[in-house]
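**Q** Before I ask anything, let me first share the structure, which is written out below as structure tokens.
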Amino acid sequence: MKMSFRQCLLASAVIASSVSFSATSLAALPFFGNDKQEVPSLAPMLEEATPAVVSIAVEGTQTSRQRVPEMFKYFFGAPQEQVQERPFRGLGSGVIIDAEKGYVVTNNHVVANADEITVQLTDGREFIAKKLGADEQSDIALLKIEAEDIVALPLADSDELRVGDFVVAIGNPFGLSQTVTSGIVSALGRSGLNIGGYEDFIQTDAAINRGNSGGALVNLHGELIGINTAIFGPNGGNVGIGFAIPANMMKNLTDQIAEFGEVRRGLLGILGSDVDAGLAEALNAEVNMGAFVSEVTPESAADEAGILAGDIIIAVNGRRLNGFQELRAKIASMGAGAEVELTVVRKGEEIALDVTLGDATQTTVTAERIHPALEGATLANGTDAGGNNGVVVSEVEAGSPAARVGLQNDDVIVGVNRVRTNTVPEFRDALDNAKGVIALNVRRGGSSVFLVIR
């Protein structure tokens, strides 16, 4: 009997899934068969999963600032800048992760600046949602709705994912509710995309488009493995490269938001870079992937655990690492005080070290450890006069390099070369990535000034 191209694809999916889930027979898989005929289908699984994926509509006001030309200020006494506010509306997706508590997870960029958030279920019911908290750097937000008779998606262990596993994306692209697309896991541990501050993405070729943000990426058992977040496309449309935040990372972050109303990041206390073949050869190490430790902050979690400069961290809790940015994202998503096992290669030997993470929100450092031009300043996490997160200059020694740059006591550094920085670790990373002349965006009282480091 000849098979159509579609039947061949379905047959290959069944064969692949029987390999991927060898502990379960094909007959027991939720996507296989029905009473009428033995035809492979995702429909039974989707009937269970789609009610947990919601549509999100937001309304709010965006504020923009525009510099006023000098001639207008001179002739008309206009202020230095004009503030304009305009209403906006937006659409996105979300996933119910706790039916009893009414918790819905979505992307921060879906609900940022929203004055009103409406969640619509697949049965047509609508609820006004309360935002419990959000994390801009990882692009996660947690909402709460007061609703009965709702279902949540069970979570899978996203660390168990493999390239080639079949996945299904569920969301509301372009406002089209309950759209389902399928594909495979194309890559894991994607970073360096400049999508967010902490990146450890699942890459998939399942079609993701505008409006899918915050929707579900599920496996063939209907378990949540990721939150669809971004696409790579020259024209803003799907070209087969989409990115999702791993479910484990999302769970770490939403647990902290639910408990504290914010993310309290874990802090390891190292500087470093990716491991490549050249570095591995120089260190005489038989590994070509991992996170190279170039510096350990004294009295940090890494220092107390015995991590040394020159070590190569190759695994977190037994899971292999691709590079330094993946390590950074995993550590940052874990809460302060979390206990982590790091596998380290030192002088050709693998060593397991237990680490209790520090609290990134309580970081205080002497600035010369971040940049030599800032020697003489003491920095700590804090907020400016408007309540926005930044790096507070708690002390500046007279005549020091930091004083010559122009830093003053109680300054709050909120950006580097117009890139927003909320914490000391983010400030350090921004300086590491800056090239040439560096401009610090500083809030001083009610004013904003720029200080230049050459």
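**Q** Does the range 410-454 hold any residues that are open to solvent by 20 Å² or more (accessible area, probe 1.4 Å), under 24 Å from residue 324 (Cβ atoms) and among the β-branched types (Val, Ile, Thr), and which are they?
**A** Residues satisfying the conditions are 419, 423.
**Q** So which residues in the range 318-350 are part of a helix (DSSP H, G or I) and in contact with a helix residue (DSSP H, G or I) (Cβ under 6 Å, 6 or more places away or on another chain)? Spell out the reasoning first.
**A** Initial filter on the range 318-350 (part of a helix (DSSP H, G or I)): 324-333.
Scanning the range 318-350 gives a single hit, 333.
**Q** Go through the range 91-125 and give me each residue that's assigned to a loop (DSSP other than H, G, I, E, B), of a type outside the set (A, V, I, L, M, F, W, C) and in contact with a strand residue (DSSP E or B) (Cβ under 8 Å, 6 or more places away or on another chain). Spell out the reasoning first.
**A** Here is the first cut: in the range 91-125, the ones assigned to a loop (DSSP other than H, G, I, E, B) are 99-102, 107, 112-113, 121-125.
If we keep only those that are of a type outside the set (A, V, I, L, M, F, W, C) too, we end up with 100-102, 107, 113, 122-125.
Result: 101, 102, 107, 113, 122.
**Q** So which strands (runs of 3 or more DSSP E) stay within the range 351-431 end to end and still have 1 or more residues that are within 20 Å of residue 298 (Cβ to Cβ), in contact with a strand residue (DSSP E or B) (Cβ under 9 Å, 6 or more places away or on another chain) and modelled with pLDDT under 85? Break it down stepwise before answering.
**A** On the way: elements: 364-366, 377-383, 389-396, 412-416.
The strands (runs of 3 or more DSSP E) meeting that bar are 364-366, 377-383, 389-396.
**Q** Look at residue 142 and say whether it is open to solvent by less than 40 Å² (accessible area, probe 1.4 Å), under 30 Å from residue 422 (Cα atoms) and not in a loop (DSSP other than H, G, I, E, B). Step through it out loud before you land on a result.
**A** Details: open to solvent by less than 40 Å² (accessible area, probe 1.4 Å): yes; under 30 Å from residue 422 (Cα atoms): yes; not in a loop (DSSP other than H, G, I, E, B): yes.
Spelling it out, residue 142 is indeed open to solvent by less than 40 Å² (accessible area, probe 1.4 Å), under 30 Å from residue 422 (Cα atoms) and not in a loop (DSSP other than H, G, I, E, B).
**Q** Here's another thing I want to ask about it. Of the conditions (1) out of contact with any strand residue (DSSP E or B) (no Cβ under 7 Å at 6 or more places or on another chain); (2) under 22 Å from residue 188 (Cα atoms), residue 245 clears all except one; give me its number.
**A** For residue 245, the exception is condition (1).
**Q** Taking the conditions exactly as written (among the hydrophobic types (A, V, I, L, M, F, W, C) and in contact with a Leu (Cβ under 8 Å, 6 or more places away or on another chain)), does residue 152 satisfy them or not? Break it down into steps so the answer makes sense when it comes.
**A** Values: among the hydrophobic types (A, V, I, L, M, F, W, C): yes; in contact with a Leu (Cβ under 8 Å, 6 or more places away or on another chain): no.
Against the criterion (among the hydrophobic types (A, V, I, L, M, F, W, C) and in contact with a Leu (Cβ under 8 Å, 6 or more places away or on another chain)), residue 152 does not qualify.
**Q** Looking at the range 160-204, what strands (runs of 3 or more DSSP E) fall wholly within it and have at least 2 residues that are surrounded by fewer than 19 Cβ atoms within 10 Å (Cβ to Cβ)? Lay out the reasoning, then the answer.
**A** On the way: elements: 166-171, 179-190, 201-204.
So the answer is 179-190.
**Q** Can you tell me how many residues within the range 126-139 are in a loop (DSSP other than H, G, I, E, B) and surrounded by fewer than 17 Cβ atoms within 10 Å (Cβ to Cβ)? Quick ask: steps written out before the conclusion?
**A** Keep residues of the range 126-139 that are in a loop (DSSP other than H, G, I, E, B), which gives 129, 136-139.
Right, trim to surrounded by fewer than 17 Cβ atoms within 10 Å (Cβ to Cβ) and you get 136.
Total meeting the criteria: 1.
**Q** Here's something else I'd like to know. Yes or no: the range 391-399 includes at least one residue that is open to solvent by less than 20 Å² (accessible area, probe 1.4 Å) and touching an Asp or Glu at 6+ places or on another chain (Cβ under 7 Å). Break it down into steps so the answer makes sense when it comes.
**A** Taking the range 391-399 and keeping what is open to solvent by less than 20 Å² (accessible area, probe 1.4 Å), we get 391, 393.
Imposing the further condition that a residue be touching an Asp or Glu at 6+ places or on another chain (Cβ under 7 Å) reduces the set to 393.
Within the range 391-399 (the criterion being open to solvent by less than 20 Å² (accessible area, probe 1.4 Å) and touching an Asp or Glu at 6+ places or on another chain (Cβ under 7 Å)), the answer is yes, since at least one residue qualifies.
The values are calculated or read from the model by the stated rules, or taken from the named source; none is laboratory data. Quick caveat: nothing in here was measured; it's all calculated off a predicted structure. Every residue, glycine as well, gets a Cβ built from its backbone with ideal geometry; the counts of neighbours run over all protein chains shown. Side chains are part of the model used for accessible areas, which takes the heavy atoms of the whole protein and leaves out ligands, DNA and RNA. Shrake-Rupley method; radii C 1.70, N 1.55, O 1.52, S 1.80 Å.
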